[in-house]
Each structure stands twice: as C-alpha cells, then as structure tokens.
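Chemist: Pasting a structure below so you can have a look.
What follows is calculated from the coordinates using simple rules that are stated; it is not laboratory data. In this text the structure is predicted, and so the values were computed from the model without any measurement. Note that each Cβ is placed from the backbone with ideal geometry, even for glycine, and that neighbours are counted across all protein chains shown.
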Amino acid sequence: MRLTRRSVLAAGAAMAGAAAMPGAAKQSNAPRFSLGFAPHEGSFASRGNRLEQIAFAADQGFTAWEDNEAASRPVAEQVAMAKALQQRGMTMGVFVASMPKWVQSRPVLGANDDSDRTAFLTDIRASIDVAKRLNAKWMTVVPGFLDRRVPVDIQTGRVIDTMRHAADLVAPHGLVMVMEPLNTLVDHPGVFLQTVPQGYAVARGVDSPAVKILADLYHEQIQAGHLIRTMDSCWSEIAYLQFGDDPGRKEPGTGEINYANIVRWLRAKRFSGVIGMEHGNSVEGRAGEARLLAAYRAIDAA
C-alpha cells in the first residue's frame, strides 16, 4: 500500500466537505468501511470532544469505536458514549478490564501468593457492569508481569487457573476477555504474555469461549513477526485485532507491515469483527487526520 499526495488531498477534501455540509453530524455520503476499523479518542482530535469525534468518525464511514480507558471514566460518560455509538449504529470495541500498574510491574498473576490474583478477579467482576453500560462484548486483559523467582511453567499454570476463574465470572453475561500479548523489546519489558502463540497456549488451557486472544499486530511484528502465518495457526483463539505500523506505531503505510495483504487475508477468513486502530497519527492536526483516513481507505480497497 502506498499513500500518494492525491489520495491524502482527496481524503482531506472529503473530510472538509462532510464537516461543512448542513446536518453533517447526522449523515454523510462517505462510504462505510467494509471492515470494522475502530478509531479511538484522539484519532480525530481536531473535531472536538469524545462524542463529537465519534460523530465525525461515523460520518467518515467507520462502524466501530474502542476506548481503553472507558472503565475509569465516570458512569455518566460511559452511558453517553454508549448512547452516541448506538445512535450511529457503531459497535463498541474493547476497553481494558483490569489496567496494569505499569510503573510497579504488577499484577504478577503467576506469583506464589494470591494477592494480585484476587485483585485481578475483583477488577474483572467490576468490569461486567462497565461492559453492560457500554454495550460491549470484548474486554482487554493483560495477564500481568513475570516473576523471575518462579519457573515460567508454574506461572503459566497459575495464569491459566486465574483466567478460568475470570471466565466463570464473565461467561454467564456473554462477555469475552481478549488477552493481549505485548512486546518486551520496545514497549513493555517484563510482561508475562509476549506472543500470540503463547496466548494460544493459555487460551487452549483455559478452554472457554470467554477467554480469547487480542492480536495486536504492532506488538506481534516486533516480538516475533510472521504475522499471517502466526494468525493462521492461532486463528481459532483470536477474537479481536488491532493495527499499528512498525516502527513508530502510527497508521498503516508508515512502517514495514503490509496491511493491504493482511486485509486481503482477513477477507479470505471472512473476519467480521472489530479491528482497533491502536496507534497514533504520523502527522498532527487535520492533515494527519486526512492521512489517517486515506491510509484506511487504501487498505480497505485491497
């Protein structure tokens, strides 16, 4: 995929036209994306607050939205966001069910004591009400950090047991926890879950429809690569995807990942779920928003 000056200018003109049209907040002539790409707050920051960004994204043809921080927002904001998405016919993507304490490198779900596991399950219980308010099906789970004093195989067993307990909590509500492997080479040294195949092993060990994998292709490219082959091998346990190019974690076309080929592969798999746009914009302001839109139009046309 290659972004040209013409494609960026065309996307910018379409965005400006949609914003200028009377009643643009309610309708748009922009075609809907064929895949469930999900922007987030900040993707279209120049367009206003969170609800205004949702409206603008809908006008550009996006059919989903995600919000990692949703669980920490006031209830009134959660309800307002859910209402805005419902009015636009948009699907709510993931929110983080139990936010890791990054600076403290916690939780450690494979440790010898139960304290972090207990706190994690408390967060999962609380996330059920959040999911219901948001009309959300999926919630992101990061299965903590490694304990260098405990053999990895023992930690794996404990993580599987913890996720089984968590599955018992959310499954009756039709919810799905998607475990996100994170790279340790650039962003998150010390995390337990580092690759999609490792997530596959944990998900198979849990053996529940309530525990699946979030395949963030930015992280997987850094940690292991072989994206299509990896996804194909682990497809039965993958329930959610996130895009972001590498290096830089910006929109498709700014790095080395061939997202056009990945989109073709997803179409062959008949994937109809949500694909989170888990990245920043390579250019600030409205020019960057136009470039973001052009990038996704390009791969959606693959």
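Chemist: Which distance in Å, rounded to a whole number, links the C-alpha centroids of segment 274-295 and segment 38-103?
Modeler: About 15 Å separates the Cα centre of segment 274-295 from the one of segment 38-103.
Chemist: So what is the calculated 222 nm ellipticity per residue for the chain, using -39500 (n - 2.57) for each DSSP H run with n of 4 or more, over all residues, to the nearest 500 deg cm²/dmol? Don't jump to the answer; show the numbers that get you there.
Modeler: Details: 10 runs with 130 residues, N = 302.
After summing the helix terms and dividing by residue count, I get -13500 deg cm²/dmol.
Chemist: Loop-only chymotrypsin sites (Phe, Trp or Tyr not before Pro) in segment 40-143, please: DSSP not H, G, I, E or B, and at most 13 other Cβ atoms within 10 Å. The partial results should precede the final answer.
Modeler: Values: sites: PHE44, PHE56, PHE62, TRP65, PHE95, TRP102, PHE120, TRP138; in loops: PHE44, PHE62, PHE95, TRP102.
Of the chymotrypsin sites (Phe, Trp or Tyr not before Pro), the ones in loops of segment 40-143 whose Cβ has at most 13 other Cβ atoms within 10 Å are TRP102.
Chemist: Where the eigenvalues come from the Cα gyration tensor of segment 148-302, what are the semi-axes √(5λ) of the equivalent ellipsoid, largest first, in whole Å? Don't skip to the end; give the middle numbers.
Modeler: Details: eigenvalues 173, 65, 39 Å².
Those come to 29, 18, 14 Å.
Chemist: On the first, second and third principal axes, largest extent first, how far apart are the outermost C-alpha atoms of segment 28-72 in Å?
Modeler: 34, 21, 12
Chemist: In degrees, nearest 10, range 0 to 90: what is the angle between the Cα axis of helix 259-268 and the longest Cα principal axis of the chain?
Modeler: 80 degrees
Chemist: Would you work out the relative contact order for the chain, in percent, from Cα pairs under 8 angstrom that are 6 or more residues apart?
Modeler: Details: 556 pairs, mean separation 58.3, N = 302.
Rounded, it is 19 percent for the chain.
Chemist: Here is a follow-up. So how do 283-295, 259-271 stack up, highest first, on mean other-Cβ count within 10 Å? Spell out each step's value before the answer.
Modeler: Values: 283-295: 19.8, 259-271: 15.7.
Ranked from most to least packed, the peptides come out as 283-295, 259-271.
Chemist: Quick one, what does Rg over Rh come out to for the chain if you take C-alpha atoms and the Kirkwood Rh? Please list the in-between numbers first.
Modeler: Values: Rg = 19.2 Å, Rh = 19.8 Å.
With Rh from the inverse mean 1/r over Cα pairs, Rg/Rh is 0.97.
Chemist: Can you order the peptides 154-161, 231-238 by their average number of other Cβ atoms within 10 Å per residue, highest first?
Modeler: Details: 154-161: 18.2, 231-238: 16.8.
Answer by packing, highest mean first, reads 154-161, 231-238.
Chemist: Then there's this: Using the alpha-carbon atoms, what tilt in degrees (0 to 90, nearest 10) does helix 5-20 show relative to the longest principal axis of the chain?
Modeler: The answer is roughly 80 degrees.
Chemist: Just to confirm the number: angle between the C-alpha axis of helix 152-170 and the first principal axis of the chain, 0 to 90 degrees, nearest 10?
Modeler: For 152-170 against the chain, the angle is about 60 degrees.
Chemist: Would you mind computing, in nm to one decimal, how far apart the modelled labels at SER105 and LEU169 are, each placed 7 Å from Cα along Cα→Cβ?
Modeler: Placing both labels 7 Å along Cα→Cβ, they lie 2.5 nm apart.
Chemist: Give the long-range amide H neighbours of VAL211: residues separated by 5 or more places, or on another chain, with amide H under 5 Å away, using H modelled in the peptide plane at 1.01 Å from N.
Modeler: MET177
Chemist: What value does segment 118-169 have for Rg/Rh, both radii from Cα atoms and Rh as Kirkwood defines it? Spell out each step's value before the answer.
Modeler: Details: Rg = 13.0 Å, Rh = 12.3 Å.
Checking Rg against Rh, the ratio lands at 1.05.
Chemist: Ok, one more. Trypsin sites (Lys or Arg not before Pro) within segment 53-148: which are DSSP loop residues with at most 14 other Cβ atoms inside 10 Å? Don't skip to the end; give the middle numbers.
Modeler: On the way: sites: LYS83, ARG88, LYS101, ARG117, ARG125, LYS132, ARG133, LYS137, ARG148; in loops: ARG88, LYS137, ARG148.
Taking segment 53-148 and a limit of 14 other Cβ atoms within 10 Å, the loop trypsin sites (Lys or Arg not before Pro) found are ARG148.
Chemist: Which whole number in µm²/s is D for segment 24-169 by Stokes-Einstein, with the Kirkwood Rh taken over Cα pairs at 4 °C and 1.567 mPa s?
Modeler: Details: Rh = 16.9 Å.
The estimated diffusion coefficient comes to 77 µm²/s.
Chemist: Of the DSSP beta bridges with both residues in the chain, give the percent that are antiparallel, rounding to the nearest 5. It would help to have the intermediate numbers written out before the result.
Modeler: Details: 2 of 22 bridges.
Of those bridges, close to 10 percent are antiparallel.
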